[in-house]
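The values are calculated or read from the model by the stated rules, or taken from the named source; none is laboratory data. A quick note: this is a predicted structure, and the numbers were derived from the prediction, not measured. Please note: Cβ atoms are built from the backbone with ideal geometry, for glycine as well, and neighbour counts cover all protein chains shown. These area figures cover heavy atoms from the full protein model, side chains too; ligands, DNA and RNA do not enter into them. Shrake-Rupley method; radii C 1.70, N 1.55, O 1.52, S 1.80 Å.
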Amino acid sequence: MTFPKDFLWGGATAANQLEGGYLEGGKGLSDADVCTGGSHTQSKRITPVLEPDTFYPSHDAIDHYHRYQEDIALFAEMGFKVYRFSIAWTRIFPTGEELEPNEAGLQFYEDLIDECLKHGIEPLVTISHYEMPYALTEKYNGWSDRKVIDLYINYCQAIFTRFKGKVKRWLTFNEINCGAMPLGNLLGLGIINEGTTDFMNQVDVPQRRFQALHHQFIASSLAVQLGHQIDSDNQIGCMIAYMMSYPLTPNPADVLENQKVMQISNYLCGDVQVRGSYPTFAKRYFAEHGIEIDKAPGDDAILAAGKVDFYTFSYYMTLCQTTDVTAKSGGNLMGGAKNPYLQSSDWGWQIDPTGLRIALNEIYDRYQIPLMVVENGLGAYDKLEDDGSIIDDYRIDYLKQHIEAMHEAVLDGVDLIGYTSWGCIDLVSASTGEMAKRYGFIYVEKYDDGSGDFSRHQKKSFNWYKQVIASNGEDLSHD
Ligand code: BG6
């Protein structure tokens, strides 16, 4: 037994992290466009007014907006079956409130989709990936206002209609569960609370954040229903940042702590989107945190009628949970304690391929709908040698071990339909705003001081991934 015959191998990106062209073709300013560069040790800043001498990585990113044909040709050379990318809401509705969609934006994505189809690559579209029109943040404080649901649905209507027949698989919100954590305020929900200036330390109002998340649940459910109405072939999925954690010790207090963290950070959103209602544990969590969700009449029915068709998730690392507050470690969304059995990346992310097998089994046991890993990979410092080569054996090792873990999960009986590794071409880091944290099979000459000519180079992992895809995951060998 091996990977299923039609297994969807490919790569994933997000518009704000690779396109650039931030005001071209009528595009409006997005939340990502007001975030400065940063680093592992220095947080990005959020600047309500753009500062003239400041570097904003999303403004040029890796210039995919002008180079998408070259990039897609490289993906095709690796044999991609699927390419996951996001549509920038601000290319279609620059401020989110226009009555008609922006034709230049629609045309850009139609050309990009056609380019994929020309190469036999299926497009998998994330409708909203860590950006919303900045105008909606300014006017409504993002998703905290229910009005944004209608605006999002208008946007869905425009893209479902235009790309009908060409795109069949959609994801409503990237890592929707980041809204269950303080870092998700701006990132996922478009909220800037008074006093927030710093991306890593945002002012948090849990009541507002969970109300905004509720609005996203409703928007997602309505989008599922609309997508099915417009084209019954549409498959619409959720996307969860699966933040696996273990109890730090067998102390029942740590086991319970871990269960609580897993419930709120992972299962709350998955349960609503897959099962169509809030899980029972949410009730106590909300009560204990003084959160009251204001539901409109009919919201429960909307959630029940808009269950997703498949479940997708990102997986990078794992953490441990404990009631001992002195034990800490990090990820980009959530904290936890260090696991003494695991090694970490240069950014402190603990590498855990076995955790992926555990996650796949847990999720499939819970939901029993098709699963897809839509982000996974190693952010690392790469070195471009004088002869143009990049020897990234560490990345090959990471990916190999995670693909082996997926294979084991398939043997365990999990219905896994595909895998898109994150940042298949180097792009801007979502958490730090750096280019130095590279994930790609393709190196891009673009650096954190803004220099670089955007030229593309194949890394050693490029040919390795090509061989993995050609053998449908059988041949993971490398020298
Ligand atoms: C996920 C996001 O959280 O992780 C991506 O969906 C992001 O947008 C990826 O880029 C990797 O995180 P980072 O912070 O290393 O870019």
Subject >> Filter result for the condition that a residue is in a loop (DSSP other than H, G, I, E, B), out of contact with any strand residue (DSSP E or B) (no Cβ under 7 Å at 6 or more places or on another chain) and at pLDDT 95 or above, over D453, D449, D479 >> reply: D453
**OP:** State whether one or more residues within segment 92-105 are of a type in the set (S, T, N, Q) and open to solvent by 10 Å² or more (accessible area, probe 1.4 Å).
**Re:** yes
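Results for (1) touching a Lys or Arg at 6+ places or on another chain (Cβ under 6 Å); (2) free of Cβ contacts under 8 Å to residues at least 60 places away in the same chain; (3) exposed (fewer than 14 other Cβ atoms within 10 Å of the Cβ), shown as yes or no for each residue.
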| position | (1), (2), (3) |
| --- | --- |
| G450 | no, no, yes |
| D453 | no, yes, yes |
| Y465 | no, no, no |
| D479 | no, yes, yes |
Subject >> Failed item, numbered, when S39 is tested on (1) modelled with pLDDT under 95; (2) open to solvent by 40 Å² or more (accessible area, probe 1.4 Å) >> reply: (2)
**OP:** Scan segment 285-293 and give yes if some residue there is of a type outside the set (G, A, S), surrounded by 14 or more Cβ atoms within 10 Å (Cβ to Cβ) and under 28 Å from W170 (Cα atoms), otherwise no.
**Re:** yes
Original post:
Which one of these is touching a Gly at 6+ places or on another chain (Cβ under 6 Å), of a type in the set (D, E, K, R) and within 25 Å of S455 (Cβ to Cβ): D63, D71?
Top reply: D63
Original post:
What's the number of the condition V255 fails, among (1) of a type outside the set (D, E, K, R); (2) farther than 26 Å from A219 by Cβ; (3) in a strand (DSSP E or B)?
Top reply: (3)
Subject >> Options Q235, Q229, Q211, Q225; residue that is more than 30 Å from E51 (Cβ to Cβ), within 20 Å of the chain's Cα centre (by Cα) and open to solvent by 10 Å² or more (accessible area, probe 1.4 Å) >> reply: Q235
Original post:
Among D71, D63, D111, which is buried (at least 22 other Cβ atoms within 10 Å of the Cβ) and more than 16 Å from the ligand (Cβ to nearest atom)?
Top reply: D71
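What are the residues in segment 114-136 that are away from the ligand (no atom under 16 Å from the Cβ) and either open to solvent by less than 10 Å² (accessible area, probe 1.4 Å) or among the basic types (K, R) (or both), if any? Step through it out loud before you land on a result.
So in segment 114-136, the residues away from the ligand (no atom under 16 Å from the Cβ) come out as 114-123, 133-136.
Across segment 114-136, the qualifying residues are C116, K118, I121, P123, P133, L136.
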Original post:
Going through segment 376-420 one residue at a time, which ones are within 26 Å of W170 (Cα to Cα), open to solvent by less than 40 Å² (accessible area, probe 1.4 Å) and touching a helix residue (DSSP H, G or I) at 6+ places or on another chain (Cβ under 8 Å)?
Top reply: N376, G377, L378, L399, H402, I403, A405, M406, A409, V414, L416, Y419
Original post:
Restricting segment 83-125 to residues that are in contact (Cβ under 8 Å) with a residue 60 or more places away in the chain and basic (K, R), which is nearest to T13 (Cα to Cα)?
Top reply: R84
Original post:
When segment 1-34 is examined, which residues are found to be within 20 Å of the chain's Cα centre (by Cα), outside any loop (DSSP other than H, G, I, E, B) and either acidic (D, E) or more than 12 Å from the ligand (Cβ to nearest atom) (or both)?
Top reply: L8, W9, G10, G11, S30, D31, D33, V34
Subject >> Cβ-Cβ under 7 Å pairs, at least 6 apart or on other chains, segment 183-209 side under 23 Å from F286 (Cβ atoms), far side in a helix (DSSP H, G or I) and open to solvent by 50 Å² or more (accessible area, probe 1.4 Å) >> reply: I191/R208
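Name the one entry in A305, A337, A327 that is touching a residue at least 40 places away in the same chain (Cβ under 8 Å), surrounded by fewer than 21 Cβ atoms within 10 Å (Cβ to Cβ) and in contact with a strand residue (DSSP E or B) (Cβ under 6 Å, 6 or more places away or on another chain). If you could, list the steps in order and put the result at the bottom.
Working: A305 fails: in contact with a strand residue (DSSP E or B) (Cβ under 6 Å, 6 or more places away or on another chain); A337 fails: surrounded by fewer than 21 Cβ atoms within 10 Å (Cβ to Cβ).
Just one listed residue meets the conditions, A327.
Being hydroxyl-bearing (S, T, Y), part of a helix (DSSP H, G or I) and within 22 Å of the chain's Cα centre (by Cα) is the filter here, so list the residues in segment 145-200 that pass it.
Going residue by residue through segment 145-200, those that are hydroxyl-bearing (S, T, Y) are 152, 155, 161, 172, 196-197.
Cutting the leftovers down to part of a helix (DSSP H, G or I) gives us 152, 155, 161.
Selection gives Y152, Y155.
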Subject >> Near pairs, Cβ below 7 angstrom, 6+ apart or cross-chain, from segment 269-298 (within 25 Å of Y367 (Cβ to Cβ)) to any residue that is part of a loop (DSSP other than H, G, I, E, B) and β-branched (V, I, T) >> reply: Q273/V308; V274/V308; V274/I369; F286/I293
**OP:** Report whether or not D294 is part of a helix (DSSP H, G or I), farther than 25 Å from A12 by Cβ and of a type in the set (D, E).
**Re:** no
